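The values are calculated or read from the model by the stated rules, or taken from the named source; none is laboratory data. Values in this document were obtained by computation on a predicted structure and should not be read as measured data. Cβ sites come from the backbone with ideal geometry, for glycine too, and all protein chains shown count toward neighbours. Keep in mind that these areas ignore ligands, DNA and RNA; they rest on the heavy atoms of the full protein, side chains included. Shrake-Rupley method; radii C 1.70, N 1.55, O 1.52, S 1.80 Å.
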Amino acid sequence: MNEANFVEVGGADSEKDDINYITTEINEDVSVKVGGADSEKDDINYKPPHNGKPITKIGISPEEKYLVTYSPDDSSIFGWSIDKDELNPDNYRYDVPFIDKEFRKIEKICVSDDKILAYILKYEKVPYLVIIDMNNNNKRIQLDLNLHIVNCLSDDFSDLKLYLYCIFNLKREFILFHDRYQNYSDERKHMIFIYSVQTKNNKWTCKRMYEIPKEFKCISISKYSKLYLLSSNNRIYEWDLLTEKSTSMFSCDKVNEPGLIRISSNEKFVCLEIKDKIIIYSIELKIPIITLQTGEVEIQEKTKKQTNVQTSGFISLLDILRPLLNNRIYDSIMAYYQEDCKTENLSKIVQDIKSIEFIIGTLNGSILDGNILNIKFKVLADKLERLNVHSFSLYADDINDENLQDASSFNSDKWKINYSRDEIEIKFLKKNNESRRIRSIQDLDYPGMGGYMFFKNNDILIILNDGNYNQKPKLVFIYHFNENNNKISLSYFHHSEDKKFSISPLLLQNVNSFKHCNNEGISDIINNKESLLKHGVKLFSFAIKERKFKLIDKIYKKCILYFNEDLQNNKTFLGIISITMPLLNEYYPEFILKYSLETNMITDSQFYNIEDKKKNLHLYSKNLQLIDLTRSILWLKYNLPDKGSYILNRFIICLTLPILPILFFIINLLLKYHFINDIRLVDTLAGTFVLYYFYVTKKFSKYILTSTITPTINFMIPYIKFVNYPKDYNWWELIKPQPSPFVKTVNENIYKTWNGEALINFKWNTYGKYYYAVIWISFMVLLSCFTIAATVPQQYIDKNIQNQLFIVSIIFGFIHLSFEIRQFIYSPKKWIYDFWNIFDMIAYLLPIITSFKWLQTNDMNDHLIQLLSFSCLFLDIKFLLFFRAFESFGIYFEIIINVAKQIIYFLVLLFIIIISFAHAFYILLLPRSDYSFDQYTSNNDPNNPWNMALTFINNGTMDSFFIQKPDENTNMFIDFRTSILAMYKFLTGDSSALSNWPYLNNQSLVILIILFSLLVVVYLMNLFIGLLNMAINKDDDRVSYLKQKAEILAEIELFYLLPNQRRWNSWFPEVIYYSVNVDKAREEVKRLIKEGEWNTDSFPEMRKDLFKKLDIPDNVEKIDKIDATLQEVLKILNSAGFRWWEFSERERFLSGISDSVYAEP
């Protein structure tokens, strides 16, 4: 056949009124054989599919086993089987009934591997769904949610359900996108339904159901169960329907309709066409790696002209798209181009407008929806070089031991390798003989080449090992020659000492590899965006641990630079710094302060956004979170309409008016936890109650007081991935959890800016306050039960009740004690160094031990009373410590703790001095003769307690007198322990312990008293008060409080959350945002400038836009610096006795000093 067929991709009609209108020409002379032969048929009875009419729609099964085509001119759907790269017609033909171009046309077509056909039919601009079983005489299949799949043989279109998209995924499920208006409001509701394709009673069962948030619009759904959405701020998100996790991909220019964006993807890459751009996004790196503008891409429409493009050694379109193609399809494509691919460097690529382009566009998941692209390869190659995309990653599947060639057979017209004892030199021969040297390498006495491998696009892999007959260690290099700048750069490097080393798969670069990489190789990694994203965390960690300060500073500046180049899409580079903060905190904490100040009040968009909000400090994450309505499937299935019961439903509502508040409360709970939904409310009794609930709440909400709306400005917290936990985990984490960078980094510099405060508030409001309340309540149960049992007198409480209270105390005591034990197992050293952990352990152990002793003895003896006393004391103090999580109390707790930490050594010194004086007084006042408290002892020893006891004279004569029996307190210096207590009482102002001796005859005693009072009571105690004042003023109490709250949150995360909860994106997002009152933001900026903490070096354009939005003059920084300088000058002059305030006003004016700084001191 000489006639060419045109394939209209995207569902456009002849009027081209659809935004996705693109045409693709099919030339039937192709390499993918149809029916095992060329498209020209010798059989005179051969009848082409669709009677030779144009094809506009194509659907391919998820595993690419089957294909269907649709032709509107023929009103037919034709089936093809795909076997070993051949398209074989299976003689299946389905004539679509009642199709006309004006009112009814097919919008979407898809097919399963089991030959189940589904298509969306648009009737008068309203889309409907049709599902038929191709293996069962085109029998219609229904959905169990009764959404009224249209019957094309009738005109019953009464149920206006808007089915906009359908697809079969690789999990043998049917995904359906549904859009409709709410019947009680004007809001649109976007729904995703996932059905099992196991037919039961001619129906498919709905397995899961999701609601898309109203600020998102659906773009596409892939067979990998990935949902792509466009947010209101023009950011594209990916939602995995299997893992229920979202990924923020990148921002794009403003797009009015999501239909202007087309997306296809596989496991590694996502390819998008957005207006005038084609973008390939790396899922692994989470950044766009290739972006092409309209001038670099030509879309061919209905043309037979072939375009030959000379690539001159640059990367071809097929090579770029290869990761998006499976091997079978790629091999088929390359077979077609075999004549053009014989040369090693793909010097000639023919972008021929043939059906092979159509195969590229459909067989692998609709890459660019079958567009015919003519890429200007010189421009594309330049872009690849500028983006530093590793071309070898496109051929990673080919890197294996079988393809590795022996070094003795090295032969290449591109590369040359020279050996010497100290180095290996690599040369690229075709461009000025550019060379690269691998100098003497540690652990390799005499480096020799163990193997090599060539790749396209000027890549070479070489393996080096020790030349002294020792096959370990091994070093693997991949070098790339950049034709744009004529430089050889290192793309990959790995060090291994494994005897069974294999290059397949390529191992990740580790810290040990960096130790054996020279500075030039490390510079290649830093200057390569892809390499820095892949290995930046390990390289930065290596630099910190090895204390390579210059390398640390270089990586830090590169990360800031790359982020500044593309604020919207390069946030991941900031994550390199955030993830390594625990190491920075240990080795170089000054970098944390530097990073906190430089990234304070930044955003990830080109311009700051000001919005009107009710909250002054609004915290949020832009992570997409679909609403899981799966629990309400039964509601949707059985809440069927009954059109004849309208009056009866209203009558029943009137009868239930007395209990309506209770019903509304129940409805609110059911809606909140998604046991019911608001999809179908009309003409059902239950739906009428829900509808009436919405009506009443909407009316009452108008009279509820709301907070004042104020303008707020949005900022981004720069700690990217700082709160995220490792993705891989097991349930052993219940005993010893893996920490996040946030948990491991306790540094007050993080909380000196709003970023740290917003981070803490986000965590606290998201989950912290709820778990803290549960912990507090459970402790209150322990405290209440034990306190009642220990305090209430036995005559007022039954013994059985008392025993039960002690048993409950034991149970809750062990629950709290178990968390303390887990903390000890997690980090024994950290647990011991924290005083409050030991205090908590005592507070939980004492009540448990006391309760056990009571249950054993049931006797209130002296020993048990002491235990009860101390147990209640520790429990009461522990109760008080719960208030430290609230700012009003927490600041004072932090003052107490911080001051105690600063003066602890002074207190130790003071204690030693007190012990020294106690020792001196003990020696001086210790009784030197024998005595007994039980028998009167009379002697001349002035320190004898009997001689110091009170004497009462009878009748005024010495013949008869009474002596009060002495005890241990009569002379407190008979024991060294009580002598220490006597000194402490003297320190507090009680000198009664030294008043029993006459001072005139005890000069030594007087001297010691004077020395102690002057040195300790007067001097050291006043010094102690001064130190307390200095310690209180030294620290920022609010920063210390936030740090303390961060420790509380870290404890909740590690020991109270389950391992899977620590991976929830909504609780632990990669990026967090916050909005602040504009007036407060202006005041904060001015404060930072005044205190010298405002940095404009890293993001000058961003700071300029912030000043503009906050109405701050550009020269405010200079004015404040001049003012601060003048203040310093005046202080110096004032200290020198210069009397500025005596100058006249004229002299002040002439001196050029403003009144603001010219004031009498």
Taking all protein chains as present, what is the carbon and sulfur share of the accessible area of segment 794-868, in % to the nearest whole number, probe 1.4 Å?
-> 66 percent
For a quick protection proxy, order the peptides 108-116, 891-899 by their average other-Cβ count within 10 Å, most packed first.
-> 108-116, 891-899
Can you list residues whose amide H is under 5 Å from ILE287's amide H, if they're 5+ apart or on another chain and H is modeled 1.01 Å from N?
-> SER282
Where labels lie 7 Å past Cα in the beta-carbon direction, separation of ILE825 and ILE1025 in nm | 5.1 nm
Provide LEU1110, LEU691 ordered by accessible surface of protein heavy atoms (probe 1.4 Å), highest first.
-> LEU691, LEU1110
May I ask which of LYS105/LYS214; LYS545/LYS1045; LYS223/LYS286 have a Cα-Cα span longer than 22 Å here?
-> LYS105/LYS214; LYS545/LYS1045
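Could you put ARG650, ARG1063, ARG884 in order of accessible surface area, largest first, with the 1.4 Å probe and the full protein assembly present?
Values: ARG650 85, ARG1063 20, ARG884 50 Å².
So the residues, ranked largest to smallest area, are ARG650, ARG884, ARG1063.
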Relative packing of peptides 780-788, 725-733 - highest average C-beta neighbours within 10 Å first = 780-788, 725-733
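Based on the Cβ-Cβ distance from ASP930 to PHE1055, what FRET efficiency comes out when R0 is 45 Å, to the nearest 0.05?
Numbers: r = 60 Å, r/R0 = 1.34.
The pair ASP930/PHE1055 has a calculated efficiency of 0.15.
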Using a/c under 1.5 as the rounded threshold, could you call segment 929-1033 rounded, prolate or oblate? The axes a ≥ b ≥ c are square roots of the C-alpha gyration tensor eigenvalues, and prolate needs a/b larger than b/c, oblate otherwise.
-> prolate
Given a cut-off of 18 Å, name the pairs among LYS474/LYS538; LYS769/LYS1043; LYS57/LYS115; LYS550/LYS571; LYS613/LYS698 whose C-alpha atoms lie farther apart than that in the structure shown.
-> LYS474/LYS538; LYS550/LYS571; LYS613/LYS698
Stretch ILE797-LEU561 to full length: gain in nm at 0.36 nm per residue minus the Cα-Cα span?
-> 77.8 nm
Segment 978-995 - phi-based ³J(HN,Hα) in whole Hz, Karplus 6.51/-1.76/1.60, Gly and Pro as x = 6, 5, 5, 5, 4, 5, 5, 5, 4, 5, 8, x, 9, 9, 4, 5, 10, 8
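Please go through segment 1036-1069 and write out the chymotrypsin sites (Phe, Trp or Tyr not before Pro) that DSSP classes as loop and that have at most 12 other C-beta atoms within 10 Å. Please list the in-between numbers first.
Working: sites: TYR1041, PHE1055, TYR1056, TRP1064, TRP1067; in loops: TYR1056, TRP1064, TRP1067.
When the chymotrypsin sites (Phe, Trp or Tyr not before Pro) of segment 1036-1069 are filtered for loop state and at most 12 Cβ neighbours within 10 Å, nothing remains.
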Cα→Cβ-extended label distance, 7 Å offset, between GLN568 and ASP834, nm | 4.3 nm
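Rank by packing, highest mean first: peptides 853-866, 562-575, with packing defined as the count of other Cβ atoms within 10 Å averaged across residues. Intermediate results must be reported in sequence, preceding the final value.
Values: 853-866: 12.1, 562-575: 20.1.
So the order, starting with the most tightly packed, is 562-575, 853-866.
What shape does segment 1006-1094 have by the C-alpha gyration tensor, where a ≥ b ≥ c are the square roots of the eigenvalues, rounded means a/c under 1.5, and otherwise prolate means a/b greater than b/c and oblate the rest? Walk me through the numbers on the way to the answer.
Values: a/c = 6.42, a/b = 1.83, b/c = 3.51.
Note, shape of segment 1006-1094 comes out oblate.
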HN-Hα couplings for segment 238-252 via Karplus (6.51, -1.76, 1.60; θ = phi - 60°), in whole Hz with x for Gly/Pro, come out as 10, 10, 8, 6, 8, 8, 6, 10, 10, 9, 7, 7, 6, 9, 10
